[in-house]
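The values are calculated or read from the model by the stated rules, or taken from the named source; none is laboratory data. These numbers come from a predicted model, not from an experiment. All Cβ positions, glycine included, derive from the backbone under ideal geometry; neighbour counts span all protein chains shown. Surface accessibility is based on the protein's heavy atoms, side chains included, excluding ligands, DNA and RNA. Shrake-Rupley method; radii C 1.70, N 1.55, O 1.52, S 1.80 Å.
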Amino acid sequence: MGAIDAFVRTFSLMVEAKKLYIPALIFSLLLAPVAAYLLPSEPSFEITPNQTTSGDVIIEQYGGDVEGEIIDFLVQLGKALAILIAISAVLGSIVQYAITKGALLHESGEEYGIGELLLDGLKHLPGVIAIELIFMAVAIALASVALIPAVLGVLFLPWGAVLILIGVLLLLAILAITTSMTAIAIPLYADKGRIGAAFSAFGMVFGNVLSSIAFGVLLWVGVIGVSMIAGSVGFAVDLVFPEGIASYASELLQAPFNALMMEFLTVGGVAFYRELQKMEELKKVDEELLGLA
């Protein structure tokens, strides 16, 4: 029930604290033209004729450097993504902390301003980036361990198919847990004011494994839903607008949905953090009652 309660609370909190959408929207609108400018267009794979003569016969051959175009596209894409990730990490960390702090203050009944939240986010930028990098490394390490049964299954087919299935299920469970764990790390930091507090997420999540898996999956469902809507808008824009304008129009029109997704993930982390706190308090009460019995 904890995961469902937190998921429902996420939407009610987003409705109650409407102005927390503003920082996410500012971030998405700033990033949209940058992404449109940096991301390369897909290779055209243009086939050009090449004429040669043999006596009185003209031989026309059609071909193109498809492999070269693909490699060039991938190189440009890699460079663009590296720059986008760097910009997103900096601006996104500021906004993530601002929304998190705002949600925590809202739940406490305290007043806050968007400018104040963004300045607070800038102040805590190094801490947020450090936490995200550490938790990303932990998630990759756990996912690698979860893949071991699947790798062994591939080596020992056909009966190894059972191991592959176990590995895939274990990987999904680990990814769901690490999704929930990462979601509550920044709320812990913003609430306690110490970077070390973020690591309490390990105990809170692994102490409530089933709820953490369920909430991680629910976050995925929400992200997939918003992504499908944003993708449909982007696809429609690409069909309507000319090539030079389409990428900019597509990114700008998808920005409100990307902002909604960012707010959903951040506020969801706060809601789940509060729900886990309640669950831990109830466990302590139950233990005290058992001790008195």
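Structural remarks
- Number of positions in region 106-117 that are more than 23 Å from ARG274 (Cβ to Cβ) and surrounded by 15 or more Cβ atoms within 10 Å (Cβ to Cβ): 0
- Restricting SER232, SER247, SER211 to residues that are at pLDDT below 90 and under 22 Å from the mean Cα position of the chain (by Cα) narrows the list to SER247.
- Test for GLU288: is it touching a Gly at 6+ places or on another chain (Cβ under 8 Å) and at pLDDT below 90: no
- Summed over region 207-223, residues that are open to solvent by 10 Å² or more (accessible area, probe 1.4 Å), closer than 21 Å to ILE134 by Cα and not in a loop (DSSP other than H, G, I, E, B) total 2.
- Residue within region 10-23 that is in a loop (DSSP other than H, G, I, E, B), open to solvent by less than 30 Å² (accessible area, probe 1.4 Å) and modelled with pLDDT of 90 or more present: yes
For every residue, the table says whether it meets (1) in a helix (DSSP H, G or I); (2) of a type in the set (A, V, I, L, M); (3) open to solvent by less than 30 Å² (accessible area, probe 1.4 Å).
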site	(1), (2), (3)
GLU69	yes, no, no
LEU74	yes, yes, no
LEU84	yes, yes, yes
SER88	yes, no, no
SER93	yes, no, yes
ILE99	yes, yes, yes
LEU104	yes, yes, yes
LEU119	yes, yes, no
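- Pairs, first farther than 18 Å from THR178 by Cα and small (Gly, Ala, Ser) in region 139-167, second open to solvent by less than 80 Å² (accessible area, probe 1.4 Å) and not in a helix (DSSP H, G or I), C-beta under 7 Å, six or more apart: GLY153/GLY160
- So GLY269, is it more than 28 Å from LEU118 (Cα to Cα), open to solvent by less than 80 Å² (accessible area, probe 1.4 Å) and assigned to a helix (DSSP H, G or I): no
- Selection status of MET204, part of a helix (DSSP H, G or I) and surrounded by fewer than 12 Cβ atoms within 10 Å (Cβ to Cβ): no
- Enumeration of residues in region 183-227 that are within 23 Å of LYS283 (Cβ to Cβ) and among the polar types (S, T, N, Q): SER200, ASN208, SER211, SER212
- With respect to the stated conditions, ALA35 fails to be farther than 30 Å from LEU253 by Cβ, at pLDDT 80 or above and surrounded by 15 or more Cβ atoms within 10 Å (Cβ to Cβ).
- Residue in region 241-263 that is surrounded by the most Cβ atoms within 10 Å (Cβ to Cβ), counting only those that are of a type in the set (Phe, Trp, Tyr) and part of a helix (DSSP H, G or I): PHE257
- Every pair of residues 6+ apart whose Cβ atoms lie under 7 Å, when the first sits in region 95-114 and is touching a residue at least 24 places away in the same chain (Cβ under 8 Å) while the second is polar (S, T, N, Q): GLN96/THR266; ILE99/THR266; THR100/THR266
- Failed condition for LEU133, given (1) aliphatic (A, V, I, L, M); (2) open to solvent by 60 Å² or more (accessible area, probe 1.4 Å); (3) within 20 Å of LEU30 (Cα to Cα): (3)
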